[in-house]
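A.B. asks: Before I ask anything, here is the structure I am working with.
The values are calculated or read from the model by the stated rules, or taken from the named source; none is laboratory data. Since the structure is predicted, the reported quantities are computational estimates derived from the model, not experimental observations. Methodologically, a virtual Cβ is constructed for each residue, glycine included, from the backbone with ideal geometry; neighbour enumeration extends over all protein chains shown.
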Amino acid sequence: MTAPGQRPRLRLLVLQVLVVSILATLLGRLWFLQVYDGRAYAAAASQNRVREVVTTAPRGQVYDVTGKALVRNRTALVVSVDRARLLKEPADGEAVLRRLAPVVGKSAALLRQEITPCGGTVRPPCWRGSPYQPVPVQEFAPDDAAGLRRVLRVEERKEDFPAVVTRFAAVREYPAGTTAAHVLGYLGPISPQETRLPQYADVQESALVGRSGVEATYDTALRGRDGVQTLLVDHVGTVTGTQSETAPQAGDSLVLSIDAGVQAAAEQALAHAVAKARTLPDRGGDGTYKADSGSVVVMEAKTGRVVAMASYPSYDPSVFVGGASDEEYASLVDEARGAPLVFRAIQGAYAPASTFKAVSTAAVLEDGYPRDGTYQCPGAYAPLGGKRNFEGESFGPVTLRTAIVRSCDTIFYDFAYKEWLRDGGNTPVAHPKDPMVRMAQRFGLGTRTGVDLPSERSGTIADRAFLQQRWERLKANFCKGAVNPARSPERRRADKEFCDDGNRFRGGDAANFAIGQGDTLVTPLQLATVYGAIANGGKLLVPHVGRALLSADGTTVHEVRPVLRGRVPVSPVDLAFLRDALHGVTTEGTARGSFAGFPVAVAGKTGTGEVAGKQDTAWFASFAPVEDPELVVVGMVSQGGTGATTAAPMVREVYDAIYGVGRPSVLPGGKLPTALPVVRPDGTVGPPGTKVPVKPVLGPYVPPAAPARTSR
Amino acid sequence: MSAGLRPAGLRPPTVLRERDPRGRRLDLVLLLAVASLVGLGALLVWSATRQRMLDTGMAPTTFLTKHLVNAVIGLLLGSFAAFVDPRSLRAYAPVVYVASGIGLLVVLSPLGATVNGAHSWILLPAGFQIQPSEFAKVALVVGMAMLLGESRDGEAEPRDGDVLLVLALAAVPMALIMLQPDLGTTLVLVFVLLGVLSVAGAPARWIVGLLLAGVVVCAGAVQLHVLGDYQVARFAAFANPELDPRGVGYNTNQAKIAIGSGGVWGKGLFHGTQTNGRFIPEQQTDFVFTVAGEELGLVGAGTLVLLLGVVLWRGCRIAANAPDAFGRLVAAGVVSWFSFQSFVNIGMTLGIMPVTGLPLPFVSYGGSAMFANLVAVGLLQNVHRGSRD
């Protein structure tokens, strides 16, 4: 027998092992929580005991160049429901919502829907912001006496309305109505994902941020900095003290280079042109023109400052105040209703048609063709299978100037075809010179202008690289279509042709390129910078709509200065020749009817874009006065007819307003004021006066990097 | 007392050394560790309740005072258990067992009271209240040791009949406590039962069988909805604490935040933000360890765990050196009890065990638990005093 107690001792060993492992587990876990993960828990503990109360900074206002308010703040009494607190009430706060319903004039059921966070199976109306943020359900204007009285009852009987919050808040107001809606943009609540982005580092959850237009570009400056009061709280949320407090810092006000008068005139001219085009018989069809959309851009030729930028159809920016409903938003981007939200001036890209001849001509001149040479303008161009002139007209031998004035296509076919042959024709040399493509690039086409507005389109240059890329993208489909017996033989042949060599830059492609037809697309603003460069002696400028940022006390904190994008490679003599030829367009050429008797010398070019499956795009690109160009005006109406019948009269109407022809001038002197509007001590803004800016930052506006977010 | 009255004839001569004066002394290391734990506990209870008392306009030391009074009463009870004649201890065992059984029955009667969701209390006049289930732990330990240790003095292993008898003995308090329902204390009893049976040398099939039965019963209880909804919810919250951070997972989350934020050195006594902000309910009882974690850091909380380790180590040592099977089983039972209860309590504050309402031995506020714990330590000392070295 073993020694007494030997077996019990063995059995005790089990207990001892258990005890040791228990101790090791606890100590290990303790180390993990307190040392390994300690930092995270320390952060959680400090977050636990503090609550932040945010005082929203007043957002900066937006003024036109003369100090006229385009976007203002209006104080409204906002009634919100704190859903988290409501759900703690009996029956999820049904009784509270029923009491609130008559106050805000909505049914309890609708209120319930509106405060429920969107997502999953929850369909609108629902709440898009943070689930912890009180949801605004109604707002009352300060002059709505009956509404305010009802809200006052809520305040008086707080115990009947737990979870209902009422507070004054600033909401956006548009004193000029729909004027410059696209330029101004709108606000929308920030999404939880976006709050992690560096530019939104100091933005509170579900706060409103700029979503489009200058509201988006200058968001950081306009937003200011919210005041944050950090309160110490205990477990039931009772405030035990204040840890820190920062006062709200009002956002800067933005002065635009936009002139509200010119802007309104441009919008009006655009609307007139659209209405008129809809009565004109379609050149190629049997109805009238659809005139579905259009744009007018007015830009200072020497600075790139945008004076007006109109887009048709437009919308009322106030639909976004308090949040646009899904239906409202859907109708704003609905193609069938013309997608009013699309800013045609920078987001619409169209074939420039004959307005592009200014670029082709520059290319031809720099390629060595004599300015004063004589060229044949036949009704059809034989080397390209009889490719016809516009309307098949024949002018015989003409000068280059006349070719522009009369808008002869066949001369440009010949230039393009010869240059194409020089580059090897159908068997291109290793490095084709493509003078017209190069010139288009140097005029900034195919790339964004860099305007201080979001979501600008770059347009397209239909060059060899473009054809190659498109062919690679579509080849497989066409090659399949080429052998598809279900298709007609013609269709199969066409498909096979593209499948075989759709990437080849043909003579016809070069000719089309020369007259701005085909796949080359430009935005109205791009074309304005092109004509600006011709007008100002070769400087390609970055267009700007922002002019300056003024702090709440009136100091200029930032002034947007003109930025040179590049110089076009065209000699001064050739530029002068172009200006003169373009002047001829309005005196003796395609636009002479529209500008007959106009007291200021205007240079311009009509364009009629032929778009497959659509009606013609009407263009007129111009600048004035010819002797010392100040302003560039570009007009475009999509499916609006010819440049001469629709676009040129529209642009003339804009010039009428600017120079006060037949009516008072909206822009006395035809120039923007050089001084900034003055902010008075009471915060109101007056027209440009004597106040001297105090050391503003000069150059393009770059949003400052926000400091790292503090714990919240 | 006289060892000569024992069945000494069966023992080797070394038995005489039991009477060595050294053997009559107390285990000072154990005493010191327990005293330290009680003292540390008093500080933590004070810190946990100070702010609440101030907020309600009462003396900040209200709980501290009561806690210290409890400790003194416990000290007296424990001394009695330490110095009583082991034979009379055996004589008291049935009395204690029956008394605790009656107490548990009273709890279920209209005289019972519910405190913090547990229907475990008997309210006495003058604001006193007792929790009989704490004393049931002592009764079960001594009772089982008597049944398994008495007859054969530990040299032979218990037979099936003995095991059945012990099971019957344990079943009564377990059933009564389960009816309260107090799952945590029931589990402590199950663990003590398993510990004592193992050390007694019960056939392995019984141990394994009991474990399996336990699993089946637990699974069945969940399936048949015998457990209260809150118990199931606690387990669900344990499995996934982020499930409902404002509801059942709240305690666990806040406890982890308190302990984790303590870091290595802690925020200092009375300086815990979680503690002073009263983010953790029941902090002076079941969640007292979070005060140590937050205010005293890894150093303080680790010391607390190590002190418990010292108690358990001394308990194991006393069991190993016990003069007889009774003493060995008593010590083994106490060690099983303390180790399981400490692990579950601390484990739940650390988020590695589900939330069950078990106090931390010696540290948590609560009279009945304090009395029972100190009596158990007295029992260990009693066994130690009779030991051979």
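A.B. asks: Of the numbered conditions (1) modelled with pLDDT of 80 or more; (2) within 12 Å of another protein chain (Cβ to nearest Cβ), B:Thr285 fails exactly one; give the number of that condition.
C.D. replies: Going through (1) modelled with pLDDT of 80 or more; (2) within 12 Å of another protein chain (Cβ to nearest Cβ) one by one, B:Thr285 breaks only (2).
A.B. asks: Out of all the residues in region A:5-54, which are more than 7 Å from every other protein chain (Cβ to nearest Cβ) and aromatic (Phe, Trp, Tyr)?
C.D. replies: A:Phe32, A:Tyr36
A.B. asks: Quick check, is A:Gly444 on the phi > 0 side of the Ramachandran plot and under 35 Å from the mean Cα position of the chain (by Cα)?
C.D. replies: Judged against the criteria, A:Gly444 is a match.
A.B. asks: Would you be able to say whether some residue in region A:169-188 is surrounded by fewer than 16 Cβ atoms within 10 Å (Cβ to Cβ) and of a type in the set (D, E, K, R)?
C.D. replies: No - not one qualifying residue is present in region A:169-188.
A.B. asks: Against the definition (among the basic types (Lys, Arg), within 14 Å of chain B (Cβ to nearest Cβ) and not in a strand (DSSP E or B)), how does A:Arg59 come out, yes or no?
C.D. replies: Here the answer is no, as A:Arg59 does not meet what is asked.
A.B. asks: Here's something else I'd like to know. Would you point out the residue of region B:349-360, among those that are within 13 Å of another protein chain (Cβ to nearest Cβ) and assigned to a loop (DSSP other than H, G, I, E, B), that is nearest to A:Leu30 (Cα to Cα)?
C.D. replies: Filtering region B:349-360 down to residues within 13 Å of another protein chain (Cβ to nearest Cβ) leaves B:349-353, B:360.
Filter once more, so that each one left must be assigned to a loop (DSSP other than H, G, I, E, B): B:350-353, B:360.
Values: B:Leu350: 7, B:Gly351: 10, B:Ile352: 11, B:Met353: 13, B:Leu360: 16 Å.
Going through the qualifying residues, I end up with B:Leu350.
A.B. asks: Here is a follow-up. Are there any strands (runs of 3 or more DSSP E) wholly within region A:521-639 with 1 or more residues that are over 21 Å from A:Thr361 (Cα atoms), and if so which?
C.D. replies: Hits in region A:521-639: A:539-542, A:546-550, A:556-559, A:563-567, A:617-624, A:631-638.
A.B. asks: Say whether the condition of being basic (Lys, Arg), within 14 Å of another protein chain (Cβ to nearest Cβ) and within 20 Å of A:Leu208 (Cβ to Cβ) is met by at least one residue in region A:67-84.
C.D. replies: Yes, region A:67-84 contains at least one residue that is basic (Lys, Arg), within 14 Å of another protein chain (Cβ to nearest Cβ) and within 20 Å of A:Leu208 (Cβ to Cβ).
A.B. asks: Here's a follow-up. Output yes when any residue across region A:200-207 is of a type outside the set (A, V, I, L, M), modelled with pLDDT of 80 or more and surrounded by fewer than 16 Cβ atoms within 10 Å (Cβ to Cβ), and no when none is.
C.D. replies: The answer is no, given that none of the residues of region A:200-207 is of a type outside the set (A, V, I, L, M), modelled with pLDDT of 80 or more and surrounded by fewer than 16 Cβ atoms within 10 Å (Cβ to Cβ).
A.B. asks: Quick check, is B:Thr290 crowded, with 22+ Cβ neighbours inside 10 Å and either closer than 30 Å to B:Thr56 by Cβ or facing chain A (nearest Cβ under 9 Å) (or both)? Reasoning before the result, please.
C.D. replies: On the way: crowded, with 22+ Cβ neighbours inside 10 Å: yes; either closer than 30 Å to B:Thr56 by Cβ or facing chain A (nearest Cβ under 9 Å) (or both): yes.
Yes, satisfied.
Condition check ((1) among the aromatic types (Phe, Trp, Tyr); (2) touching a residue at least 40 places away in the same chain (Cβ under 8 Å)) across all residues:
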{"residue": "A:Leu365", "(1), (2)": "no, yes"}
{"residue": "A:Gly379", "(1), (2)": "no, no"}
{"residue": "A:Lys387", "(1), (2)": "no, yes"}
{"residue": "A:Phe395", "(1), (2)": "yes, no"}
{"residue": "A:Thr399", "(1), (2)": "no, no"}
{"residue": "A:Ser407", "(1), (2)": "no, yes"}
{"residue": "A:Ile411", "(1), (2)": "no, no"}
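A.B. asks: Being among the basic types (Lys, Arg) and surrounded by 17 or more Cβ atoms within 10 Å (Cβ to Cβ) narrows it down to one of A:Arg39, A:Arg74, A:Arg49, so name that one.
C.D. replies: Exactly one of A:Arg39, A:Arg74, A:Arg49 is among the basic types (Lys, Arg) and surrounded by 17 or more Cβ atoms within 10 Å (Cβ to Cβ), namely A:Arg49.
A.B. asks: Take the residues in region A:166-184 that are hydroxyl-bearing (Ser, Thr, Tyr) and in a loop (DSSP other than H, G, I, E, B), then tell me which one is farthest from the chain's Cα centre (by Cα).
C.D. replies: Among those that are hydroxyl-bearing (Ser, Thr, Tyr) and in a loop (DSSP other than H, G, I, E, B), it is A:Tyr174.
A.B. asks: Of everything in region A:44-71, what is touching a residue at least 60 places away in the same chain (Cβ under 8 Å) and farther than 21 Å from A:Thr246 by Cα? Give them in sequence order.
C.D. replies: Of everything in region A:44-71, those that are touching a residue at least 60 places away in the same chain (Cβ under 8 Å) and farther than 21 Å from A:Thr246 by Cα turn out to be A:Gln61, A:Val62, A:Tyr63, A:Asp64, A:Val65, A:Thr66, A:Gly67, A:Lys68, A:Ala69, A:Leu70, A:Val71.
A.B. asks: If you check A:Gly227 against the conditions, is it touching a residue at least 60 places away in the same chain (Cβ under 8 Å), of a type in the set (Gly, Ala, Ser) and either crowded, with 22+ Cβ neighbours inside 10 Å or not assigned by TED's automatic domain parsing to the domain that holds A:Thr617 (or both)?
C.D. replies: yes
A.B. asks: Continuing with the same structure: Show me the helices (runs of 4 or more DSSP H) found entirely inside region A:326-426 where at least 2 residues are β-branched (Val, Ile, Thr).
C.D. replies: Per the criteria, A:357-366, A:400-405, A:410-422.
A.B. asks: Does B:Gly315 count as of a type outside the set (D, E, K, R), modelled with pLDDT of 90 or more and under 26 Å from B:Arg385 (Cα atoms)?
C.D. replies: Working: of a type outside the set (D, E, K, R): yes; modelled with pLDDT of 90 or more: yes; under 26 Å from B:Arg385 (Cα atoms): yes.
So B:Gly315 fits the description; yes.
A.B. asks: For region B:93-111, enumerate the residues that are surrounded by fewer than 19 Cβ atoms within 10 Å (Cβ to Cβ) and either in contact with a Phe, Trp or Tyr (Cβ under 8 Å, 6 or more places away or on another chain) or in a loop (DSSP other than H, G, I, E, B) (or both).
C.D. replies: Once the filter is applied, which keeps residues that are surrounded by fewer than 19 Cβ atoms within 10 Å (Cβ to Cβ) and either in contact with a Phe, Trp or Tyr (Cβ under 8 Å, 6 or more places away or on another chain) or in a loop (DSSP other than H, G, I, E, B) (or both), region B:93-111 yields B:Ala99, B:Ser109, B:Pro110, B:Leu111.
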